[in-house]
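Read the figures in this text as sums done on the coordinates, not as results from a lab. Given the structure is predicted, the values throughout are model-derived calculations rather than measurements. We place every Cβ from the backbone using ideal geometry, glycine too, and count neighbours over all the protein chains shown.
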Amino acid sequence: MAENKNIELNKNSPFRGQGGGIIIAGGGTGGHIFPAIAIANALKKQMPGIDILFVGAQGKMEMEKIPQAGYRIEGLDIAGFNRQSLLKNISLPFKLVKSFWQVRKIINSFQPAAVIGVGGYSTFPVLRYAQSKGIPTFIHESNSFAGKSNIMLGKKATKIFVATDGMERFFPKEKLVITGNPVRRSIVDAGISRAEGLKFFGLNENATTVLAIGGSLGARSINEALAAQIEKFAENKLQLIWQTGKTTAATFKKIGAGKSNIWVEDFIKEMEMAYAAADIVISRAGAMSVTELCVAGKPTVFVPFPFAAEDHQTANAMALVNKQAALIVKDSEAKEKLVETVINLSKNESLQKALKTNIRSLAVCYADETIAREIIKTISE
């Protein structure tokens, strides 16, 4: 048990703040935020009295999505290193120092029994300070390549939850727990028919439907590839549900406007409806996208983001491609090959069936419950 004299935990503990609650730190993208919410929901389910506080980065999407999920969140004035504009990094050291003071105030006030890091700017200062205070810390690493911050934090972490085996390359082996990645319960337990999904988007049941999801912030290569050959969807009797992401969304909305076979918006909140409606999916290969698509069991064409740390998105995609569970198109070749690949797949029912069977066999549905159970068990001992 870590040093924290004000915490007295046992199996009957109410886990209510001021010495018993849990802080979940991280965010930035849906790939961090939605697993964090899934873990929080699982903790609430297994111990209804638990008090949960999120800590995120000011200006990032967690400041909107976490309250929508019914949880409190504190925002830190913190940002990551900007590789595109070095001038924007001038204030970075000051923001980092300020964020540590903010973290100190939050943790000393809330006095958590444990802190969970899910990735994103706020994870490092929150977990680092918690570790300095002897508070148990847990990390969820969703990718097959661990980030540098998590590797550093992992040395003093209580337990590290990972999606795949082989992660002892990055973390102490004795701390690893292979759980898979948490998936939103709305997707796992959806039970929505294809007809219901298509009705939600106002599309035709008798046409093959393609879902394009570049991530919550968008994917330029995917969007530009679709925009350049948007007419080919109608020519090949295909429908498109197109999540553009917030970046330059207006441009792509204009391209899709007025086309009865195209539904286009910057963000899809009801992803369970989108997965139900889709026959084929185009997606980036972030860890959470891959995990959700395995659960949804959809034939998928991955377009990995090539500048992800250690090119982990390509590694994520190839893990499925090598098992005949997905197809891949390089980001640099998307404009020329993506739509053609999707059209060819739409005409190959046997390949669709094989991809669907193989990707579904890789699904992990209850990682959130496993993680919650391990955390409660560990800090209750």
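Remark: the residue 45-residue 270 segment gains 78.8 nm on full extension, using 0.36 nm per residue and subtracting the alpha carbon distance. With kT/(6 pi eta Rh) evaluated at 37 °C and eta = 0.692 mPa s, and Rh the Kirkwood radius from Cα pairs, segment 187-360 diffuses with a coefficient of 208 µm²/s according to Stokes-Einstein.
Among the GluC sites (Glu not before Pro) in segment 174-213, those placed in a DSSP loop whose Cβ has at most 16 other Cβ atoms within 10 Å are 205. Largest first, the extents of the alpha carbon coordinates of the chain on the three principal axes equal 68, 47, 37 Å. Label-to-label distance, residue 354 versus residue 68, with points set 7 angstrom from Cα along the beta-carbon direction: 3.9 nm. If you look at the Cα atoms of segment 342-381, you get an Rg and a Dmax of 18.7, 56 Å. The lysine pair count for segment 246-331, using Cα distances under 26 Å and pairs eight or more places apart or on different chains, is 14. For the chain, the relative contact order is 16 percent, taking Cα pairs closer than 8 Å that sit 6 or more residues apart in sequence and dividing their mean separation by the residue count.
Exposure proxy shown here: for 62, 270, the number of other Cβ atoms within 10 Å sets the order, fewest to most, as 270, 62.
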